[in-house]
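Visitor: Would you mind keeping the following structure in view while I ask a few things?
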Amino acid sequence: MMKDELMSGIRKICPKELYEIGFASLSGLLSGSWSEYSYGISLARKLDDRIIDEIKNGPTVAYYDLYNAVNDELNRKSDEIVSLCRRYGINALAVKATVDEQELDGDYERTLRYPFSHKMVATRAGIGWIGKTDLLVTYRFGPRVRLASVLTVEPIAEPGEPIDKSYCGDCDLCVRSCPARAATGTPWDITVDRDLFYDPFACRRFARSISARNIGREVSLCGICVSVCPRGMR
Ligand code: B12
């Protein structure tokens, strides 16, 4: 009963039209201070189709504004879910959509890896898989989502069925459309490391130059792979 109320509270915070929500068991998968949490809620916020359709040639000012607005919304909503869980006596922690500059160290600059993967929580929750350009491709919205996660010490709903391999099949439109040529086309499964099929440095280098050109800011914003994926189109 208590968990039903908690679930409906979460649904109120993240309405179904705009959010895909999944529940994951994460035992043994998290490191550092996150490792005391064994469960996670994946929050996938759908991005506006009109804006995503327009970025086939790279980022626009509208996409940059959407990116910031959705990050703020996800950060706020994950905090609201944490407060709600705590009101029900459940220890919870929000992992924000964005990473603060201060949190990034030399390791990050060398590897472009952050020790917490929102996409991993999402595949464990069964809401999607990793596509050929390393995006989470959700069943409902394709890759047209931004992610945040809420970690909990106990399950608050039955975990979803984890997805361990790609369902992109023969499609390689994102690989062919990537102006940075960052991906090889090798399909993902949980044994395939990112660096074997996708080059984050090539991606970031190109994203910085195209965002400087298109929107006058040198940020890692591109989004062409997000825009072309047929799974995201209605
Ligand atoms: C560092 C980073 C970057 C780097 C490197 C990108 C990369 N793909 O690694 C750069 C600057 C290049 C970048 C670019 C972009 N990024 Co970025 N980025 C991140 C960040 C902060 C960390 C990613 C990371 O550490 N990757 C390291 C690798 C090892 O992990 P991973 O990429 O998450 O995915 C691996 C694991 O999840 C693993 N996995 C999945 N399930 C399971 C299960 C098990 C059991 C195991 C063992 C492993 C496993 O499979 C993946 C491949 O190996 C995340 C936010 C976050 N904290 O997650 C956002 C994030 C990945 N970025 C995002 C986005 C949208 C972008 C851009 C489109 C930018 C833009 N807004 O225009 C581009 C697209 C790049 C692309 N095609 O991936 C979104 C992705 C949304 C989606 N649909 O997938 C995220 C999740 C941010 C968010 N809050 O929504 N980004």
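Visitor: Filter the stretch 163-188 for residues that are within 9 Å of the ligand (Cβ to nearest atom) and exposed (fewer than 15 other Cβ atoms within 10 Å of the Cβ) and give the result.
Guide: Passing the criteria: only 164.
Visitor: Here are some residues: 145, 99. Which one is within 8 Å of the ligand (Cβ to nearest atom) and without any contact (Cβ under 8 Å) to a residue 60 or more places away in the chain? Steps first, please.
Guide: Details: 145 fails: without any contact (Cβ under 8 Å) to a residue 60 or more places away in the chain.
On inspection, the qualifying residue turns out to be 99.
Visitor: Out of 176, 194, 181, I need the residue that is touching a helix residue (DSSP H, G or I) at 6+ places or on another chain (Cβ under 8 Å), charged (D, E, K, R) and more than 19 Å from residue 119 (Cβ to Cβ). Which one? So that I can check it myself, show each step before the final result.
Guide: Values: 176 fails: touching a helix residue (DSSP H, G or I) at 6+ places or on another chain (Cβ under 8 Å); 194 fails: more than 19 Å from residue 119 (Cβ to Cβ).
Checking each option against the conditions leaves just 181.
Visitor: Residue 114 - would you say it is under 17 Å from the mean Cα position of the chain (by Cα), near the ligand (Cβ under 7 Å from one of its atoms) and aromatic (Phe, Trp, Tyr)? First the steps, then the outcome.
Guide: Values: under 17 Å from the mean Cα position of the chain (by Cα): yes; near the ligand (Cβ under 7 Å from one of its atoms): yes; aromatic (Phe, Trp, Tyr): yes.
Against the criterion (under 17 Å from the mean Cα position of the chain (by Cα), near the ligand (Cβ under 7 Å from one of its atoms) and aromatic (Phe, Trp, Tyr)), residue 114 qualifies.
Visitor: I'm trying to understand the selection: among the residues of the stretch 25-56, which are closer than 17 Å to residue 232 by Cα and either among the acidic types (Asp, Glu) or open to solvent by 40 Å² or more (accessible area, probe 1.4 Å) (or both)?
Guide: Across the stretch 25-56, the qualifying residues are 48, 49, 50, 53, 54, 56.
Visitor: crowded, with 16+ Cβ neighbours inside 10 Å, outside any loop (DSSP other than H, G, I, E, B) and in contact with a helix residue (DSSP H, G or I) (Cβ under 8 Å, 6 or more places away or on another chain), is that true of residue 203? Don't jump to the end; show me each part of the working.
Guide: On the way: crowded, with 16+ Cβ neighbours inside 10 Å: yes; outside any loop (DSSP other than H, G, I, E, B): yes; in contact with a helix residue (DSSP H, G or I) (Cβ under 8 Å, 6 or more places away or on another chain): no.
Against the criterion (crowded, with 16+ Cβ neighbours inside 10 Å, outside any loop (DSSP other than H, G, I, E, B) and in contact with a helix residue (DSSP H, G or I) (Cβ under 8 Å, 6 or more places away or on another chain)), residue 203 does not qualify.
Visitor: Let me ask something additional. Go through the stretch 117-133 residue by residue and tally those that are within 8 Å of the ligand (Cβ to nearest atom), charged (D, E, K, R) and either open to solvent by less than 20 Å² (accessible area, probe 1.4 Å) or touching a helix residue (DSSP H, G or I) at 6+ places or on another chain (Cβ under 6 Å) (or both).
Guide: Residues in the stretch 117-133 being within 8 Å of the ligand (Cβ to nearest atom), charged (D, E, K, R) and either open to solvent by less than 20 Å² (accessible area, probe 1.4 Å) or touching a helix residue (DSSP H, G or I) at 6+ places or on another chain (Cβ under 6 Å) (or both): 0 in total.
Visitor: Then there is this: Residues of the stretch 206-234 being closer than 23 Å to residue 122 by Cα, open to solvent by 50 Å² or more (accessible area, probe 1.4 Å) and in a loop (DSSP other than H, G, I, E, B), which ones? Break it down into steps so the answer makes sense when it comes.
Guide: Pass one, the stretch 206-234, residues closer than 23 Å to residue 122 by Cα: 220-234.
Still in the running and open to solvent by 50 Å² or more (accessible area, probe 1.4 Å): 220, 230-231, 233-234.
Selection gives 220, 233, 234.
Visitor: I need every pair where a residue in the stretch 205-231 that is away from the ligand (no atom under 11 Å from the Cβ) has its Cβ under 7 Å from the Cβ of a residue that is at pLDDT below 95 and open to solvent by 60 Å² or more (accessible area, probe 1.4 Å), sequence separation at least 6 or different chains.
Guide: So the pair list comes out as 212/218; 228/56.
The values are calculated or read from the model by the stated rules, or taken from the named source; none is laboratory data. Please read these numbers as outputs of a predicted model, since none were measured by experiment. Using ideal geometry, Cβ is built from the backbone for each residue, glycine included, and neighbour counts are taken over all protein chains shown. For the accessible areas, the whole protein counts, side chains as well, though only heavy atoms, and no ligand, DNA or RNA atoms are used. Shrake-Rupley method; radii C 1.70, N 1.55, O 1.52, S 1.80 Å.
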